[in-house]
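Engineer: First the structure, then my questions, so here it is.
The values are calculated or read from the model by the stated rules, or taken from the named source; none is laboratory data. Computed from a predicted structure; not experimentally measured. Cβ: placed from backbone, ideal geometry, glycine included. Neighbour counts: every protein chain shown.
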Amino acid sequence: MNDPVNEAIRLLLSQRLDRLEQILAGDVLSFYGQILDGFVSTFREIVEQLVAGNEESGECSTKPLFIMLTTPGGSPFAAERFVTIIRRHYKEVNFIIPDYAYSAGTVFCMSGDNILMDYCSVLGPIDPQVITKDGRTVPALGYLDKINELITKSERNELTAAEFIILKEFDLAELRFYEQTTELTIDQLKKWLVQYKFKDWKHHKSGKEVTEEEKVSRAEEIAKTLNDTNLWKSHARPINMETLENVVRLKIEDYGKDHKKQRAIQEYHQLVVDYMSQNTFPIFIHTRYFP
């Protein structure tokens, strides 16, 4: 027997999503949870279902896609495949951050034409999360920074016996994997910024034309800043809209300036959170075709 409370929330979810799609004039896909490699096929199926429901024919929808993203992060490899999927079907993709999108979620956002946040929304450093041999998820740069610190101490003959054991027992192959994952994350961010976020950046405020080299240079600056563990101190450091614009120098669209849009986003997002809590879903994707 269906839970009447659950059914009522599902109906209200559909109504609020429909209202939001009308306000945004596009397709909305809400993603809540970790970005995982094993979830790629499901993500593809949901996106293709959404595109198939549009009236126009052709490989790429003329309607924009708005991804409402709330995630603690996850796999940069899965994020890369997610981007391949959405860009196969949509010419314009925008990300809405009603709460937070950390790590791989932050990198995922950089594949958007626009990033929409309000004063309470946050992204995070792009330090990738990796799975250790014992199954724990850890920030790669945290390990790399610690290893580099121990190597520096060793060069100065300041390494303690305990630190020597730690350094000796660390798996070099695992360390190289952390380095490669970090390099991939940075490369992804730079590529997507230039290809999508900066595609309409034609002129500087002075009126001077923006060159491709300048776009690449700005993308590298943003990647370096978001990857700077000395600046952010913690993998979980929340970076708000003001900091993203003034420190990272990343253009953000403040949806809080449009009160109708802000209210529709927040009401829908809160209901998504309530529905997930009611059903204890680890990952939840919602579109107008949600059963």
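Engineer: Report, by residue number, each residue of the range 186-222 that is over 16 Å from V83 (Cβ atoms), in a helix (DSSP H, G or I) and touching a residue at least 24 places away in the same chain (Cβ under 8 Å).
Structural biologist: Those that are over 16 Å from V83 (Cβ atoms), in a helix (DSSP H, G or I) and touching a residue at least 24 places away in the same chain (Cβ under 8 Å): V216, R218, E220, E221, I222.
Engineer: Looking at the range 267-291, which of the residues that are in a helix (DSSP H, G or I) and buried (at least 17 other Cβ atoms within 10 Å of the Cβ) is nearest to the chain's Cα centre (by Cα)?
Structural biologist: H269
Engineer: Let me ask another. Do we find a residue being under 18 Å from the mean Cα position of the chain (by Cα), surrounded by 18 or more Cβ atoms within 10 Å (Cβ to Cβ), more than 18 Å from V272 (Cβ to Cβ) and at pLDDT 95 or above anywhere in the range 35-50?
Structural biologist: Yes.
Engineer: Inside the range 19-56, can you point out the residues that are more than 18 Å from F281 (Cβ to Cβ), of a type in the set (G, A, S) and free of Cβ contacts under 8 Å to residues at least 60 places away in the same chain?
Structural biologist: A25, A52 - these are the residues of the range 19-56 that are more than 18 Å from F281 (Cβ to Cβ), of a type in the set (G, A, S) and free of Cβ contacts under 8 Å to residues at least 60 places away in the same chain.
Engineer: Which residue out of K191, K199 is among the basic types (K, R), surrounded by 13 or more Cβ atoms within 10 Å (Cβ to Cβ) and at pLDDT 70 or above?
Structural biologist: From the options K191, K199, the qualifying one is K191.
Engineer: Are there any strands (runs of 3 or more DSSP E) wholly within the range 79-185 with 2 or more residues that are at pLDDT 75 or above and in contact with a Pro (Cβ under 8 Å, 6 or more places away or on another chain), and if so which?
Structural biologist: Result: 93-96.
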